[in-house]
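Data first, discussion second: the structure below is written as structure tokens.
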Amino acid sequence: MIATYVLIYLATISVSALKLPDELPRCNRKDAKLNECIKSAYGPWLVTLAKGLPEFRAPSIAPLRIESLSIAQGSGPVNLVQNYTDVRYHYYELTTVTNVEATITDTEFRVRQETFAKNITFLANYHFDGNVLTFPIVGGGKSNIVIGDVN
């Protein structure tokens, strides 16, 4: 999910010199209510980026695609390495922002936000390799993970 937020902010910055659709909210970094502006702008931006902006040759980012993702946990008697490929996140574009704390200056760009997602689906190919005590855990295949009510 972090990649999504970074992508949104980078997209905002990179296209700021172009004529954006009027329905997309813009926030001024000097606005006293910058946090509220970002919070309210998040939804329209995410929905638009999910559809894509063909006039800017920006393809849809829904589903969000990640080439590979690895998670290694534990190093003792309980350890598991999870490798995912061809990862696709679905429905993250329906995420809502519940809180924003932003600092944007000439030398600093920091945005902390809290979000809520009613439903996110994670599809990928997976390979697991590890142990729980003396029992090996090895496997692979297709995964379909549905996560609900995520903060």
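The values are calculated or read from the model by the stated rules, or taken from the named source; none is laboratory data. All values derive from a computational prediction rather than experimental measurement. When we count neighbours, we look across all protein chains shown, and the Cβ atoms used for this are built from the backbone with ideal geometry, even at glycine.
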Among the numbered criteria (1) out of contact with any helix residue (DSSP H, G or I) (no Cβ under 8 Å at 6 or more places or on another chain); (2) assigned to a loop (DSSP other than H, G, I, E, B), which one does Pro25 miss? (1)
The stretch 63-92, residues that are part of a loop (DSSP other than H, G, I, E, B) and hydroxyl-bearing (Ser, Thr, Tyr): Ser75, Tyr91
Within the stretch 94-109, of all residues that are under 24 Å from Thr48 (Cα atoms) and not hydroxyl-bearing (Ser, Thr, Tyr), the one modelled with the lowest pLDDT is Leu94
Taking the conditions exactly as written (at pLDDT below 95 and closer than 30 Å to Asn28 by Cα), does Ser60 satisfy them or not? yes
State the number of residues belonging to the stretch 14-41 that are among the hydroxyl-bearing types (Ser, Thr, Tyr) and at pLDDT below 90. 2
Given the condition under 16 Å from Val87 (Cα atoms) and out of contact with any Phe, Trp or Tyr (no Cβ under 8 Å at 6 or more places or on another chain), answer yes or no: does some residue in the stretch 128-139 qualify? yes
Test result for Tyr126, touching a strand residue (DSSP E or B) at 6+ places or on another chain (Cβ under 6 Å), modelled with pLDDT of 95 or more and either surrounded by 16 or more Cβ atoms within 10 Å (Cβ to Cβ) or farther than 21 Å from Trp45 by Cβ (or both): yes
Would you point out the residue of the stretch 38-62, among those that are without any contact (Cβ under 8 Å) to a residue 12 or more places away in the chain and basic (Lys, Arg), that is surrounded by the fewest Cβ atoms within 10 Å (Cβ to Cβ)? Arg57
Being surrounded by fewer than 16 Cβ atoms within 10 Å (Cβ to Cβ) and within 16 Å of the chain's Cα centre (by Cα) is the filter; apply it to the stretch 73-89 and report the residue that is nearest to Ile137 (Cα to Cα). Asp86
In the stretch 63-72, the residues that are surrounded by 14 or more Cβ atoms within 10 Å (Cβ to Cβ) and of a type outside the set (A, V, I, L, M): Pro63
Go through the stretch 99-116 and count every residue that is in contact (Cβ under 8 Å) with a residue 40 or more places away in the chain and in a strand (DSSP E or B). 9
